[in-house]
Amino acid sequence: MKLLVIGGGGREHALAWRLAQSQRVSKVFVAPGNGGTATGERMQNIPITDVQELVQFAQTENIHFAVVGPEAPLAAGVVDAFRSAGLKIFGATKAAAQLESSKDYAKGFMVRHQIPTAAYATFTDAESAKAYIHEQGAPIVVKADGLAAGKGVIVAMTEAEALAAIDDMLGAGSFGDAGAQVVIEEFLTGEEASFIVMCDGQNVLPLATSQDHKRLKDGDQGPNTGGMGAYSPAPIVSPTLHNRIMREVILPTMNGMAREGIPYSGFLYAGLMIGDGPDATRSLKVLEYNCRLGDPEAQPLLMRIKNDFTETLELAIQGKIDQASIDWDRRTALGVVIAAAGYPEAPRTGDSITAIPEDTEHCVTFHAGTALREDGVLVSSGGRVLCVTALGDSIRRAQEKAYATATKIQLEGKQFRNDIGWRAIPNSDLS
Ligand code: AMP
Ligand code: GLY
């Protein structure tokens, strides 16, 4: 059968790679794909991003089902369009994707359903927003309401920074429509964790635990990025926390969406802030929802799936995810992102990428911002260029293997962290 993966990042390369390993699959089309999916075994890129063109393509090619990677096509209604045409697709509808595409919607939803989250207020008027910031004081967090490619959140340590963010979003309109409304939020402290599940409108299948590193520099310092690496499992999510997250966050979210007439299907990612203290009582708050797999969390997660993932997705599409289970590799998977010079502010593109070691059973280099030039040269085309992902018997072994490969890859001005996974290593000396 032929499948379609929508998107072109590292997460989509990993999805296509995992799906292409199924005996049932003859080809995985990736729209638009990247330099990795251009040459991957049983993969083919198609240069389409328009929703109606994707529907036509799926019909013409007799695609068995489609799966959506990033948020933009979800927010553009790709799932609604496929379903209207009688095509099978796994992802959130446009209405459900508001959990990610509008922070104000997500906050209101959490309040309506008593899902724990930071206190907040929403503004469209700069003067009222500034008055609120004066009243609350710093630190405080300013968020553009809409999708801003991971750049719409300003964690302001001073009032001045928060006020500048307001000027930027509501005054200068730097984020366009996405920043025409802002959410101002209480500053939370603790350790962040990602919790990702698959939903079929009624039932939930939690994926293995995972954690990413958002800061550019070692020791979780420097500017926020889309993610400089990730690993699975994530020891912070103990069985006690796992149960609490399901009970306090995931199930109320699923049930709340169903009660509001917007049944949730697709991947659902809750970004959590977990306070200090014993697991049974420490504070647990939702920082954000994403209606998709995390990137780069998806790369280590997909590397650990041992069963035929096409079957899991089919059950999810049929509303039978309660009958599915995933056979997780017991080993740890860890992915190291190789980013371009200038990332995240102004990534340089067009640099050639060479000396990528051959993939092995234990180590795969997933592509993200890469493109295959007409002359066959692989070049960088985005901020996060590659994610080298390795499996190991311990997190240290996985780390050693991923770094052995990452250090060999040649890309002018490449940036990567040397300590991905440090939080999961007991008494880490890498921190
Ligand atoms: P978000 O896109 O909402 O997850 O925000 C991006 C990053 O900003 C998060 O991963 C956190 O590191 C940080 N952040 C977001 N909201 C808060 C908050 N209320 N308090 C502290 N940090 C936050
Ligand atoms: N790695 C964080 C995200 O995908 O949003």
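Observations on the model:
- Inter-probe distance in nm under a simple model that places probes 7 Å from Cα toward Cβ, at T158 and M246: 4.7 nm
- Efficiency of FRET between K217 and E135 - r from beta-carbon atoms, R0 35 angstrom, step 0.05: 0.55
- Across the chain, Cα pairs under 8 Å and at least six residues apart give a relative contact order of 16 percent.
- Dipole magnitude for segment 328-431: computed about the Cα centre from +1 point charges on Lys and Arg Cβ and -1 point charges on Asp and Glu Cβ, it is near 320 debye.
- Reducing segment 349-379 and segment 287-341 to their Cα centroids gives an inter-centroid distance of 22 Å.
- The chain - percent of accessible surface contributed by carbon and sulfur, probe 1.4 Å: 48 percent
- Those residues of segment 193-226 whose amide nitrogen sits under 13 Å from the label point placed on E345, 7 Å along Cα→Cβ: 223-224
- Rounded to 5, the percent of DSSP beta bridges in the chain classed as antiparallel: 80 percent
- Most mobile of A66, A148, A280 in a GNM of the chain (Cα contacts under 10 Å): A280
- Accessible area of segment 279-431 divided out per residue, in Å², using a probe of 1.4 angstrom: 42 Å²
- Placing unit charges on each Cβ (+1 for Lys and Arg, -1 for Asp and Glu) gives the chain a dipole about its Cα centre, and among I338, A193, M303 the Cα reaching farthest toward its positive end belongs to M303.
- With contacts taken as Cα pairs under 8 Å and at least 6 residues apart, segment 23-120 reaches a relative contact order of 17 percent.
- T360-R397 FRET efficiency (beta carbon distance; Förster radius 22 Å; 0.05 resolution): 0.95
- With the simple spin-label model, which puts each label point 7 Å out from Cα in the Cβ direction, the A258 to A404 separation comes to 4.8 nm.
- Built amide H within the under 5 Å cut-off of L386, gap 5+: I338, A368, G369
- Computed per residue of the chain from DSSP H runs no shorter than four, each worth -39500 (n - 2.57), the mean residue ellipticity at 222 nm is -7000 deg cm²/dmol.
- For segment 251-290: relative contact order, % (alpha-carbon pairs under 8 angstrom, 6 or more apart): 33 percent
- Sites D322 and T49, calculated FRET efficiency, Cβ-Cβ separation with R0 30 Å, nearest 0.05: 0.35
- Spin-label zone in segment 45-65 - amide nitrogen under 16 Å from a point set 7 Å from the Cα of A85 along the C-beta vector: 46-65
- Spin-label pair E61/N418, simplified geometry with 7 Å Cα→Cβ offset, distance in nm: 4.3 nm
- Extreme residue, positive dipole direction of the chain, given options S174, M43, I236 (C-beta unit charges): M43
- When the chain is treated as a Gaussian network with alpha carbon springs shorter than 10 Å, the biggest mean-square fluctuation among T407, T37, T281 belongs to T281.
- Electrostatic dipole magnitude of the chain [Cβ: Lys, Arg +1; Asp, Glu -1; Cα centre; debye, to 20]: 980 debye
The values are calculated or read from the model by the stated rules, or taken from the named source; none is laboratory data. This structure is a prediction, so every number in the text was calculated from the model and none was measured. We place every Cβ from the backbone using ideal geometry, glycine too, and count neighbours over all the protein chains shown. Side chains are part of the model used for accessible areas, which takes the heavy atoms of the whole protein and leaves out ligands, DNA and RNA. Shrake-Rupley method; radii C 1.70, N 1.55, O 1.52, S 1.80 Å.
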